[in-house]
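Shown next, in structure tokens, is the structure this report addresses.
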Amino acid sequence: MYNATSCLFRTVVFRNSKEQTIALAVEHTKIVKQLTEECTSKYGTKFMYEYSPETFTQTEPEFAVEICNAVKAAWGKAGTGDDERIIFNLPSTVEIGPPNHYADQVLKLEHGEESKADAFLDRVFLPQHIGTGKNRCELASPQRPRSVAMTRSFIKPF
């Protein structure tokens, strides 16, 4: 599940406050949780949950921590097992700063004072067409390897 979290999207596009943006993410996380629990009890399927604060690099770091903590609390199952942890997909699809800026944001989310990311599993989104993407991912991963989602841009001739 994802929703745009940057100030520009919150205020201009959606005309939402920070509180409304968090409420939206929490409400939909609870809906997904209910549906997955029903499916698990009926069919035995196990689910992991992935949340993406879209426009992550343009989102205030403190707000990114706040909304991810709220989503993690709403999901409620974020334990230490691989099938219980929550994935935070932290996209960096628009260059707005040097690679260390993105790395600092990821580390603040994972290790910041307000972060409750003890069961944190994240995915770094790396568009292949961005030259500094690999540097961002490496700087954001000093302690342990992360999942790196690669995308490719294709131009299809008509």
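Here are GLU50, GLU37: which of them is in contact with a Phe, Trp or Tyr (Cβ under 9 Å, 6 or more places away or on another chain) and part of a strand (DSSP E or B)?
Values: GLU37 fails: part of a strand (DSSP E or B).
It is GLU50.
Can you tell me how many residues in region 15-49 are touching a strand residue (DSSP E or B) at 6+ places or on another chain (Cβ under 7 Å) and more than 22 Å from ARG85 (Cα to Cα)?
Residues meeting the conditions: 1.
How do the pairs read when you match residues in region 1-19 that are within 17 Å of THR29 (Cβ to Cβ) with residues anywhere that are small (Gly, Ala, Ser) and open to solvent by less than 70 Å² (accessible area, probe 1.4 Å), using Cβ under 7 Å and keeping only pairs 6 or more apart or on different chains?
TYR2/SER52; ASN3/ALA25; THR5/ALA64
Within region 32-61, take every residue that is acidic (Asp, Glu) and surrounded by 12 or more Cβ atoms within 10 Å (Cβ to Cβ) and give me the one that is nearest to ALA103 (Cα to Cα). Write out each step before concluding.
Here is the first cut: in region 32-61, the ones acidic (Asp, Glu) are 37-38, 50, 54, 60.
Within this subset, residues satisfying the condition of being surrounded by 12 or more Cβ atoms within 10 Å (Cβ to Cβ) are 37, 50, 54, 60.
Working: GLU37: 34, GLU50: 20, GLU54: 16, GLU60: 14 Å.
It comes out as GLU60.
The values are calculated or read from the model by the stated rules, or taken from the named source; none is laboratory data. Fair warning: this is a prediction, and the values are worked out from it, not measured in the lab. Counting neighbours? That spans all protein chains shown, and the Cβs are built from the backbone with ideal geometry, glycine included. For the accessible areas, the whole protein counts, side chains as well, though only heavy atoms, and no ligand, DNA or RNA atoms are used. Shrake-Rupley method; radii C 1.70, N 1.55, O 1.52, S 1.80 Å.
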